[in-house]
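The values are calculated or read from the model by the stated rules, or taken from the named source; none is laboratory data. None of these values were measured; they are calculated from a predicted model. Note that each Cβ is placed from the backbone with ideal geometry, even for glycine, and that neighbours are counted across all protein chains shown. Accessible surface areas use protein heavy atoms only, side chains included; no ligands, DNA or RNA. Shrake-Rupley method; radii C 1.70, N 1.55, O 1.52, S 1.80 Å.
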Amino acid sequence: RSVEWLKENGKCLDNIKGDKSTIPEAGRGAFATRFIPKGSIIAPGPLLHTPDRKIFEWGVESQLIVNYCFGHKNSSLLLSPYTQGVSYINHDSKSPNAVIQWANESFVGHNAEWLNYTVIELALMQKSGMSIDYIATRDIHAGDEVFMDYGKEWEEAWQEHVQTWKPQEDAGMYQHSSFFNKNESLVLKTEAEQEMDPYPANLYLQCLVEVIKLKNWRDSYSDSYRRNCRIIARENVDGVLVYETIIIWGNNVKKTVEDLPREAFVFTDKVKSTDQFLPNAFRHHIGMPDGMFPDAWMNL
């Protein structure tokens, strides 16, 4: 196909990129990489449909992926876009510069007849078959952040969350594993030292098995295989700190290994200890514009 044909019929995937949002404490946002004129497509949004949102529930809470899905309070269906960058598009009800609409029926990734299917019928479709387009509602210049309106229901839920949120009782003790792992010169504590000054309770200390196997500890290694470990002693050998360590193998088999370097150890967050698992984290689907969510999907 010619460049002219692609400009007329194609959908660019690199119109936006992720960067630090202009909204304080919002994390990352989507920013235009080039001029996007009013009415043109910012990005396509092929959708994965989940007929029953309960599949994302863990215990009494939902996974945070719900925050990136489109849905409706009267439907069990969730729609998750999987195009590069669109998950960075933040909410702005006062001055959005983007809106979503169903893709043109001629687009290969969109089957308009699916909009008339019931949720039960969609559950039988074991493939993606619907798509939306993100449309510029005004001229967007390179470097501008892209915003869309998540809907009144979402905004009210967010305001309630902000007003009622309280930190976990042990929040002051929490530290993410990356805080320790990025400090390569960190002196690791022995078991005896940890009795007086323990690491945060949300962390495991683990050993990289590939390092144990190397004859030369300073060679390259892979972190694909880890085992829990306990440091029992530390000494300085020719200006380099090395550690005597008990490695916990399968079936609680223990092995003592000497002279392991700092590079042999990583801190790992315990299962369900990171922010995304907090019971009071915000969880709410994104709303679609009025009239866009089909009546056939209203099953609640």
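To check you understand DSSP bridge types, tell me what percent of the beta bridges within the range 73-162 (both residues inside) are antiparallel, rounded to 5.
About 60 percent, rounded to the nearest 5.
All other residues with a Cβ under 12 Å from the Cβ of residue 22 taken together, and with Lys, Arg as +1 and Asp, Glu as -1, what is their net charge? Could the numbers behind the result be given before it?
Values: positive: 20, 28; negative: 19, 25, 92, 144, 145.
Result for the local shell: -3.
Name the long-range amide H neighbours of residue 43: under 5 Å, sequence gap of 5 or more, or other chain; modelled H, no Pro or chain starts.
134
Would you please give the residues with an amide H less than 5 Å from that of residue 286, counting only those at least 5 places away or on a separate chain, with H modeled from the backbone geometry?
The list, which skips near neighbours in sequence, is 69, 70, 71.
Using only helices, what value at 222 nm comes out for the chain when you add -39,500 (n - 2.57) per DSSP H run of length 4 or more and divide by the total residues, to the nearest 500 deg cm²/dmol?
Numbers: 6 runs with 41 residues, N = 300.
Per the formula, -3500 deg cm²/dmol.
What are the residues whose amide H is under 5 Å from the amide H of residue 175, where those residues sit 5 or more places off or on another chain and H is modelled from the backbone?
Hits under the 5 Å cutoff: 202.
Keeping the other protein chains in place, figure out the carbon and sulfur percent of the accessible area of the range 156-195, with a 1.4 Å probe.
Values: 1660 of 3270 Å².
For the range 156-195, the apolar C and S fraction of the accessible surface comes to 51 percent.
Where a ≥ b ≥ c are the square roots of the eigenvalues of the C-alpha gyration tensor, would you call the range 123-198 rounded, which needs a/c under 1.5, or, failing that, prolate if a/b is larger than b/c, or oblate? Walk me through the numbers on the way to the answer.
Details: a/c = 2.26, a/b = 2.07, b/c = 1.10.
Note, shape of the range 123-198 comes out prolate.
Which of the listed residues, 115, 71, 292, is farthest toward the dipole's positive end in the chain, when Lys, Arg count +1 and Asp, Glu count -1 at the beta-carbon?
Farthest along the dipole direction, towards plus: 115.
If I compute solvent accessible area with a 1.4 Å probe over the protein chains, what percent of it on the range 1-48 is carbon and sulfur? Please report the intermediate quantities before stating the final value.
Details: 1770 of 3210 Å².
The C+S portion of the solvent-accessible surface of the range 1-48 is 55 percent.
Using Cα pairs closer than 8 Å and at least 6 residues apart in sequence, work out the relative contact order for the chain, in percent.
Details: 537 pairs, mean separation 66.2, N = 300.
This gives 22 percent for the chain.
Rounded if a/c is under 1.5, else prolate if a/b beats b/c, else oblate: with a ≥ b ≥ c from the C-alpha gyration tensor eigenvalues square-rooted, which is the range 1-158? Present the calculation step by step, with values, prior to reporting the outcome.
On the way: a/c = 2.07, a/b = 1.18, b/c = 1.76.
Taking the square roots of the gyration eigenvalues as a ≥ b ≥ c, the range 1-158 is oblate.
I need the phi-derived Karplus couplings for the range 202-209: 6.51 cos²θ - 1.76 cosθ + 1.60, θ = phi - 60°, integer Hz, Gly and Pro marked x.
With the stated coefficients, the range 202-209 comes to 8, 10, 10, 9, 10, 10, 7, 4 Hz.
Using alpha-carbon positions, what is the distance between the centroids of the range 92-131 and the range 250-298, in Å?
28 Å
Give me the number: length gained by fully extending residue 8 to residue 156, i.e. 0.36 nm times residue separation minus the C-alpha to C-alpha distance, one decimal in nm.
Values: separation 148, 0.36 × 148 = 53.28 nm, distance 3.96 nm.
Once the chain is fully extended between residue 8 and residue 156, it gains 49.3 nm.
Can you give the local net charge around residue 204? Use residues other than it whose beta-carbon is closer than 12 angstrom to its beta-carbon, Lys and Arg +1, Asp and Glu -1. Intermediate results must be reported in sequence, preceding the final value.
Details: positive: 226, 227, 230, 270; negative: 269.
Spelling it out: positives minus negatives among the neighbours equals +3.
Kindly rank 144-155, 187-198, 277-288, 24-35 from highest to lowest mean number of other beta carbons found within 10 Å of each residue. Spell out each step's value before the answer.
Numbers: 144-155: 19.6, 187-198: 11.8, 277-288: 17.6, 24-35: 14.4.
Result, highest mean Cβ count within 10 Å first: 144-155, 277-288, 24-35, 187-198.
Roughly how tilted is helix 152-164, in degrees to the nearest 10 and between 0 and 90, from the longest Cα axis of the chain?
30 degrees
Let me make sure I get this right: for the range 1-89, a, b and c are the square roots of the gyration tensor eigenvalues over alpha carbons, sorted descending. Under 1.5 in a/c it's rounded, otherwise prolate if a/b > b/c, else oblate. Which is it?
Details: a/c = 3.06, a/b = 1.63, b/c = 1.88.
It comes out oblate by the Cα gyration axes.
How high is the relative contact order of the range 60-157? Use alpha-carbon pairs under 8 Å, at least six apart in sequence, and give a whole percent. Display every interim value, and only then the final one.
Values: 98 pairs, mean separation 33.8, N = 98.
In percent, rounded to a whole number, it is 35.
Give me the accessible area per residue for the range 3-88, probe 1.4 Å, as a whole number in Å².
Working: 4980 Å² over 86 residues.
Heavy-atom accessible area per residue stands at 58 Å².
For a bin width of 10 Å, list the pair-distance distribution of the chain built from all Cα-Cα distances, rounded to whole %.
5, 21, 23, 19, 17, 12, 3, 0
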